[in-house]
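A.B. asks: Dropping the structure in here first, questions after.
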Amino acid sequence: MPSAMLASRTFSTPRHTSHYLECGMANGPLMIFLHGWPELSLIWRAQMDAFAADGWHCVAPDMRGYGGSSAPTPSEEYTNEQVVADMAELHDHLGGKPAIWVGHDWGSVVAGSLVAHQPERSLGVVLISVPYFPTANALPTLVPLVDRSIYPMAEYPDGQWDYYRYYTTNFESAVADLDADRASSLASIFRPGDPASMGKPTPNATVTRKGGRFGDAHRAPPTPPDPALWPAADFDALLRAFDAHGFRPPCSWYLNDDANIAYAHNAPNGGRILRPVLFVNGELDAINTIEGNRSGDPMRRACPDLTITNLHGAHWLPLERKEDLVQAIRAWLRNKQL
């Protein structure tokens with residue numbers, strides 16, 4: 001089947017500009033795809049193709065700080081509350097009919113937060129790789145859930161979230177290291193899963209100890225992109241987007257724990273999501289998997305209509321398991337009659 005034509009659109013309000021991709025039937029039911037770090041709307045190409053063919057009106061914005069969307073300089077402009085407001089404005093622009101929201105990584109955080117705060121905007125929500133935390137995806141929430149059988153407290157106080165902590169303590173250095181060779185940084189980040197990595201400390205747990213993600217080199221080793229994940233033209237577009245803004249805006253999302261926790265506490269019903277929720281878990285995601293640990297427990301308590309599907313992939317499921325992810329979402333939509 002040929003790919004759907006992805007139309008490039010821009011929508012602006014006085015507070016924000018969203019660039020977004022759109023395909024499918026304009027009068028079809030709405031499905032909105034939210035990417036995470038360090039991604040772009042194009043990460044959803046395969047899923048947008050598939051659901052447009054099924055009759056959905058598919059939209060994928062570049063999130064705040066990415067691509068053709070606004071990229072303000074102050075780090076406090078990247079709170080969950082600000083990004084939810086971006087998405088609410090875009091949703092109104094698209095007609096405001098209740099949508100299926102699909103999020104990956106930080107996009108999952110935004111999708112969950114939006115549906116918790118403004119449930120009338122949603123028929124259901126798909127969260128990929130990063131589970132929902134009603135008290136916010138923030139270090140005070142994440143660190144107490146660390147599996148101490150893998151990450152003993154004395155050696156790994158922040159467990160797999162040490163890289164997150166490093167942003168909060170050495171932000172300028174973290175950004176500079178990623179910006180030193182953006183092509184290799186992106187290519188080194190987007191790699192497929194390795195079964196041998198499971199049950200062992202991830203390299204992300206030793207970023208502080210190494211003095212940065214790439215250690216003493218302070219730049220990514222020369223790394224070609226994996227064409228099985230990113231089509232060459234899409235990776236080139238991703239690189240152009242990061243050359244335009246650099247890594248500072250995307251990494252600023254990690255600097256707003258206090259504001260994000262306060263915003264989460266303002267959600268109705270204690271942050272419970274009463275709409276149907278699908279969580280797609282990467283079995284080989286050494287940082288985010290909810291299997292064999294407690295990291296999925298807050299989501300299980302907060303989402304009474306929760307379906308969990310496991311895919312044999314790591315963190316980049318929209319790229320690594322393109323068709324499997326489509327089939328998982330389709331099965332859930334049928335089961336929930338959405």
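A.B. asks: With region 291-338 as the region, which helices (runs of 4 or more DSSP H) entirely inside it contain at least 3 residues that are open to solvent by 20 Å² or more (accessible area, probe 1.4 Å) and at pLDDT 95 or above?
C.D. replies: The qualifying helices (runs of 4 or more DSSP H) are 297-302, 322-335.
A.B. asks: Residue by residue through region 158-172, note down the ones that are open to solvent by 40 Å² or more (accessible area, probe 1.4 Å) and touching a residue at least 12 places away in the same chain (Cβ under 8 Å). Talk me through it step by step, then tell me what you get.
C.D. replies: Restricting attention to region 158-172, the residues satisfying the condition of being open to solvent by 40 Å² or more (accessible area, probe 1.4 Å) are 165, 168-170, 172.
Answer for region 158-172, where residues must be open to solvent by 40 Å² or more (accessible area, probe 1.4 Å) and touching a residue at least 12 places away in the same chain (Cβ under 8 Å): 165, 168, 169, 170.
A.B. asks: Answer with yes or no whether residue 76 is modelled with pLDDT of 95 or more, among the charged types (D, E, K, R) and open to solvent by 30 Å² or more (accessible area, probe 1.4 Å).
C.D. replies: Numbers: modelled with pLDDT of 95 or more: yes; among the charged types (D, E, K, R): yes; open to solvent by 30 Å² or more (accessible area, probe 1.4 Å): yes.
When the stated conditions are applied, residue 76 passes them.
A.B. asks: I've got another one for you. Restricting the search to region 90-143, which residues are in contact (Cβ under 8 Å) with a residue 12 or more places away in the chain, of a type in the set (Asp, Glu) and farther than 20 Å from residue 163 by Cα? Spell out the reasoning first.
C.D. replies: At the first step, the residues of region 90-143 found to be in contact (Cβ under 8 Å) with a residue 12 or more places away in the chain are 90-91, 93-143.
If we keep only those that are of a type in the set (Asp, Glu) as well, we get 105, 120.
Across region 90-143, the qualifying residue is only 120.
A.B. asks: Would you check which residues across region 42-55 are in contact (Cβ under 8 Å) with a residue 40 or more places away in the chain, of a type outside the set (S, T, N, Q) and out of contact with any Asp or Glu (no Cβ under 6 Å at 6 or more places or on another chain) and list them? Outline the logic, then answer.
C.D. replies: Residues of region 42-55 that are in contact (Cβ under 8 Å) with a residue 40 or more places away in the chain, as a first pass: 42-54.
Of the ones still in play, those that are also of a type outside the set (S, T, N, Q) are 42-46, 48-54.
Selection gives 43, 44, 45, 46, 48, 49, 50, 51, 52, 53, 54.
A.B. asks: Which one of these is surrounded by fewer than 17 Cβ atoms within 10 Å (Cβ to Cβ) and touching a residue at least 24 places away in the same chain (Cβ under 8 Å): 266, 256, 260? Even if it seems obvious, please write down each step before you answer.
C.D. replies: Numbers: 256 fails: surrounded by fewer than 17 Cβ atoms within 10 Å (Cβ to Cβ); 260 fails: surrounded by fewer than 17 Cβ atoms within 10 Å (Cβ to Cβ).
Result: 266 is the single residue among 266, 256, 260 that is surrounded by fewer than 17 Cβ atoms within 10 Å (Cβ to Cβ) and touching a residue at least 24 places away in the same chain (Cβ under 8 Å).
A.B. asks: Right, here's the next one. Which of the helices (runs of 4 or more DSSP H) contained wholly in region 182-248 include at least 1 residues that are open to solvent by 80 Å² or more (accessible area, probe 1.4 Å) and over 23 Å from residue 62 (Cα atoms)? If you could, list the steps in order and put the result at the bottom.
C.D. replies: Details: elements: 182-189, 207-210, 232-245.
Correct list: 207-210.
A.B. asks: Something else about it: Only residues that are open to solvent by 20 Å² or more (accessible area, probe 1.4 Å) and outside any loop (DSSP other than H, G, I, E, B): list them for region 269-290, please.
C.D. replies: 269, 270
A.B. asks: Please work out if residue 34 is of a type outside the set (D, E, K, R) and farther than 24 Å from residue 296 by Cβ.
C.D. replies: Details: of a type outside the set (D, E, K, R): yes; farther than 24 Å from residue 296 by Cβ: no.
No: the conditions fail for residue 34.
A.B. asks: Mind listing whichever residues of region 51-73 are crowded, with 23+ Cβ neighbours inside 10 Å and either assigned to a helix (DSSP H, G or I) or polar (S, T, N, Q) (or both)? Lay out the reasoning, then the answer.
C.D. replies: To start, the set of residues in region 51-73 that are crowded, with 23+ Cβ neighbours inside 10 Å comprises 51, 58-67, 69.
Selection gives 51, 69.
A.B. asks: Do we find a residue being farther than 29 Å from residue 140 by Cα and touching a Lys or Arg at 6+ places or on another chain (Cβ under 7 Å) anywhere in region 186-200?
C.D. replies: The answer is no, given that none of the residues of region 186-200 is farther than 29 Å from residue 140 by Cα and touching a Lys or Arg at 6+ places or on another chain (Cβ under 7 Å).
A.B. asks: Condition check: of a type outside the set (Gly, Ala, Ser), more than 24 Å from residue 249 (Cβ to Cβ) and surrounded by fewer than 19 Cβ atoms within 10 Å (Cβ to Cβ). Does residue 144 satisfy that?
C.D. replies: Numbers: of a type outside the set (Gly, Ala, Ser): yes; more than 24 Å from residue 249 (Cβ to Cβ): yes; surrounded by fewer than 19 Cβ atoms within 10 Å (Cβ to Cβ): yes.
So residue 144 fits the description; yes.
A.B. asks: Ok, one more. Among the residues in region 75-98, are any in a strand (DSSP E or B) and more than 13 Å from the chain's Cα centre (by Cα)?
C.D. replies: Applying the first criterion (in a strand (DSSP E or B)) to region 75-98 yields none.
No, region 75-98 contains no residue that is in a strand (DSSP E or B) and more than 13 Å from the chain's Cα centre (by Cα).
A.B. asks: Does residue 39 satisfy the condition of being within 25 Å of residue 288 (Cβ to Cβ), in contact (Cβ under 8 Å) with a residue 40 or more places away in the chain and either in a strand (DSSP E or B) or open to solvent by less than 20 Å² (accessible area, probe 1.4 Å) (or both)?
C.D. replies: On the way: within 25 Å of residue 288 (Cβ to Cβ): yes; in contact (Cβ under 8 Å) with a residue 40 or more places away in the chain: yes; either in a strand (DSSP E or B) or open to solvent by less than 20 Å² (accessible area, probe 1.4 Å) (or both): yes.
In short, yes.
The values are calculated or read from the model by the stated rules, or taken from the named source; none is laboratory data. What you see is a predicted model; the values in this text were computed from it and never measured. Because the Cβ atoms are built from the backbone with ideal geometry, glycine has one as well, and the counts that use them run over all protein chains shown. Just so you know, the surface numbers come from the protein's heavy atoms only, side chains and all, with ligands and any DNA or RNA stripped out. Shrake-Rupley method; radii C 1.70, N 1.55, O 1.52, S 1.80 Å.
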